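Visitor: Shown below is the structure under consideration.
The values are calculated or read from the model by the stated rules, or taken from the named source; none is laboratory data. Here the structure is a predicted model, which means the values were calculated and not measured. For neighbour counting, all protein chains shown are included, and Cβ atoms are generated from backbone atoms with ideal geometry for every residue, glycine included. When the accessible area is computed, the model is the full protein with side chains, heavy atoms only, and any ligands, DNA or RNA have been set aside. Shrake-Rupley method; radii C 1.70, N 1.55, O 1.52, S 1.80 Å.
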Amino acid sequence: MRRLTFAGYLNGYVRALSSSKTNSLYKLANEVPQNHRLREPLLLYALSIGKGDVLLKAITDSNLRSQYSNVMRDYDWSKMISALEIKDARLDNGYHKAYHSYVSRRNMPETNAQTKVLMWKKIRRLQEVKGVSNYRLYTDLHLNPSNINAFLKHGGCTKVSLDTARKMIGYLESV
């Protein structure tokens with residue numbers, strides 16, 4: 001599975017923020033005055049696809065055009081990435097929010113894997129304390145025996161979802 005890039009994230013992010021669910025810079029520029037959440041991500045998106053000049057032409061609000069021009073004068077795409085990584089205080093908070101959201105999304109698989117390891121430890125401890133076998137656990141919860149055994153015996157965290165691990169913890173706590 002390919003690692004998520006900031007440019008790829010922004011592509012979907014601006015579409016999700018938009019009421020028209022589009023990536024058209026002109027349509028997004030028309031929407032920005034009413035949709036303030038779109039302001040900073042839209043400029044980041046335009047920079048990521050090399051269309052900052054097109055966005056400036058599409059913006060009708062002179063104040064917003066001025067803000068975008070000032071940012072674009074100081075930051076091209078690579079400088080923007082560097083500034084966001086070091087949390088440059090000269091950038092508005094909206095840019096940092098968009099970047100932080102991306103980093104959280106990018107790191108989600110690793111975070112979920114770490115969470116499953118902690119849940120695995122808790123499940124094993126609860127099984128030992130409560131005397132619940134793997135068989136009873138997957139039978140009572142109607143789970144796939146192969147995946148549950150791989151998870152419980154060998155710590156195969158890719159074999160179960162977070163929801164399944166939560167379900168097992170809930171069951172063990174209630175026994």
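Visitor: Among the numbered criteria (1) free of Cβ contacts under 8 Å to residues at least 24 places away in the same chain; (2) part of a helix (DSSP H, G or I); (3) of a type in the set (D, E, K, R), which one does residue 40 miss?
Guide: Failed condition: (1).
Visitor: Scanning region 1-24 for residues that are open to solvent by 20 Å² or more (accessible area, probe 1.4 Å) and hydrophobic (A, V, I, L, M, F, W, C), which turns out farthest from residue 70 (Cα to Cα)?
Guide: Once the filter is applied, the top-ranked residue is 1.
Visitor: Ok, one more. Restricting to region 123-142, what's the tally of residues that are open to solvent by 70 Å² or more (accessible area, probe 1.4 Å) and either assigned to a loop (DSSP other than H, G, I, E, B) or under 17 Å from residue 155 (Cα atoms) (or both)?
Guide: Qualifying residue count, region 123-142: 5.
Visitor: Which of (1) assigned to a helix (DSSP H, G or I); (2) open to solvent by 30 Å² or more (accessible area, probe 1.4 Å) is the odd one out, the single condition residue 64 does not satisfy?
Guide: Going through (1) assigned to a helix (DSSP H, G or I); (2) open to solvent by 30 Å² or more (accessible area, probe 1.4 Å) one by one, residue 64 breaks only (2).
Visitor: Something else about it: Can you tell me which residues in region 152-167 are within 14 Å of residue 125 (Cα to Cα) and in contact with a Phe, Trp or Tyr (Cβ under 9 Å, 6 or more places away or on another chain)?
Guide: 152, 155, 165
Visitor: Go through region 86-104 residue by residue and tally those that are open to solvent by 90 Å² or more (accessible area, probe 1.4 Å) and without any contact (Cβ under 8 Å) to a residue 12 or more places away in the chain.
Guide: 5
Visitor: Among the listed residues 13, 9, identify the single one that is in contact (Cβ under 8 Å) with a residue 40 or more places away in the chain, closer than 22 Å to residue 105 by Cα and touching a Pro at 6+ places or on another chain (Cβ under 6 Å).
Guide: One residue alone meets the criteria, 13.
Visitor: Looking at residue 175 and the list (1) modelled with pLDDT of 95 or more; (2) aliphatic (A, V, I, L, M); (3) surrounded by 13 or more Cβ atoms within 10 Å (Cβ to Cβ), which single condition is not satisfied?
Guide: (1)
Visitor: Considering only residues of region 43-61 that are out of contact with any Leu (no Cβ under 8 Å at 6 or more places or on another chain) and part of a helix (DSSP H, G or I), which is surrounded by the most Cβ atoms within 10 Å (Cβ to Cβ)?
Guide: 47
Visitor: Of everything in region 25-37, what is among the polar types (S, T, N, Q) and either surrounded by 14 or more Cβ atoms within 10 Å (Cβ to Cβ) or outside any loop (DSSP other than H, G, I, E, B) (or both)? Give them in sequence order. Explain how you work it out, then say what you get.
Guide: Within region 25-37, the subset among the polar types (S, T, N, Q) is 30, 34-35.
Correct list: 30, 35.
Visitor: In addition: Hey, does region 145-159 have a residue that's closer than 30 Å to residue 9 by Cβ, open to solvent by 70 Å² or more (accessible area, probe 1.4 Å) and in a helix (DSSP H, G or I)?
Guide: yes
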